[in-house]
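Q: I have a structure here, written as structure tokens, and I will follow up with some questions on it.
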Amino acid sequence: MEDSGGCCRCCTSFIFTMGLTALFMWLSLRTSKPTCSIQSFLVPALNQTLNTTTNTTIYFDLKLDNGNKDKGIYYDNINLTVTYRTNISLPLNTSQPIKNLTVNGFYQGHNKKAKRNQSFVPDRFDWPAAKRTVSTNGSTVFRVDLATKVRFKIIFWKTKRQKLIVGADVEVDKQGVKIKKKGIKLSGGSQLGCHSLQVGALLNLLAFVFLLSW
């Protein structure tokens with residue numbers, strides 16, 4: 001009977017320890033995707049208040065925010081696609097991209113923010129049509145899409161690469177300026193996980209070690 005009681009206590013202790021270990025590992029391995037946003041967007045050629053609109057360069061600021069408290073992020077090269085929405089009621093794939101840009105990959109520490117200022121001249125763009133839209137409707141719409149892969153640095157190791165694909169529409173007024181005063185968050189299917197497979201593998205290893213020592 002004493003051996004049976006000792007065995008029960010041992011099993012209970014093991015289950016409790018495994019539960020705490022699982023909780024600790026889950027908290028340690030859980031990751032949050034970076035927040036990507038457009039802070040400013042300027043199209044001088046659409047400014048109706050200017051006498052001349054020969055500047056066809058488009059400017060915007062991309063902000064990347066790593067909200068993880070103890071995990072850094074390694075970004076692969078960041079691919080940006082800027083599209084002009086000729087008709088916002090139609091699907092996005094009916095609109096023609098006007099520029100593809102690349103931001104060099106970099107490392108971002110935990111709780112850090114980064115800005116990447118971008119400027120470009122569209123490869124192909126119907127400026128007269130865009131100006132007519134702004135004049136008639138008071139605004140027009142562009143879109144910025146972002147695609148990259150990220151790895152998280154957790155203590156002394158890095159996770160596998162995970163896809164990050166997000167985007168958002170940006171409405172511009174008669175002055176060629178982004179209408180929303182606050183940053184516009186890029187959203188979409190980020191395809192980032194919480195590394196549950198790694199947790200399961202570690203728990204299986206702990207269980208195996210326990211059985212060997214039984």
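Since every read-out is calculated from the coordinates, none of them should be taken as a lab result. The shown structure was predicted, so the numbers you read here are calculated from the model rather than taken from an experiment. Cβ: placed from backbone, ideal geometry, glycine included. Neighbour counts: every protein chain shown.
Q: R0 = 22 Å: FRET efficiency of VAL177 with ASP65, Cβ-based, nearest 0.05?
A: Efficiency computed from Cβ-Cβ geometry: 0.45.
Q: Quick one: length gained pulling ASN111 to GLN48 fully straight, 0.36 nm per residue minus the C-alpha distance? Don't jump to the answer; show the numbers that get you there.
A: Numbers: separation 63, 0.36 × 63 = 22.68 nm, distance 4.03 nm.
Full extension from ASN111 to GLN48 adds 18.6 nm.
Q: Give the whole-number value, in cubic angstrom per residue, of the convex hull volume spanned by the C-alpha atoms of the stretch 32-193. Could you put the intermediate results ahead of the total?
A: Numbers: hull volume 17.5 nm³, N = 162.
Each residue corresponds to 108 Å³ of Cα convex hull volume.
Q: Can you give me the distance in nm between label points at LYS160 and ASN100, each placed 7 Å from the Cα along the Cα-to-Cβ direction?
A: 2.6 nm
Q: When the Debye formula is applied to the Cα atoms of the stretch 64-157, each taken as the same point scatterer, what base-10 log of I(q)/I(0) results at q = 0.13, 0.14 Å⁻¹?
A: Computed log10 I(q)/I(0) values: -0.60, -0.66.
Q: In which sequence would LYS185, LYS153, LYS160 go, from the one with the fewest C-beta neighbours within 10 Å to the one with the most?
A: Numbers: LYS185 13, LYS153 18, LYS160 10.
Ranked by crowding around the Cβ, least crowded first: LYS160, LYS185, LYS153.
Q: For each of ARG143, ARG116, count neighbouring Cβ atoms within 10 Å of the residue's Cβ, then give the residues from fewest to most. Don't skip to the answer; put the middle values down first.
A: Values: ARG143 19, ARG116 15.
Taking fewest neighbouring Cβ atoms as first place, the list is ARG116, ARG143.
Q: Ok, one more. Taking the beta-carbon count within 10 Å as an exposure proxy, list THR54, THR133, THR81 from fewest neighbours to most. Mind showing how you got there, number by number?
A: Details: THR54 7, THR133 19, THR81 15.
In order of increasing Cβ crowding within 10 Å: THR54, THR81, THR133.
Q: Moving on. Between PHE120 and THR56, what length comes free when the chain is fully extended (0.36 nm per residue of separation minus the Cα-Cα distance, one decimal in nm)?
A: Working: separation 64, 0.36 × 64 = 23.04 nm, distance 0.85 nm.
Between PHE120 and THR56, full extension yields an extra 22.2 nm.
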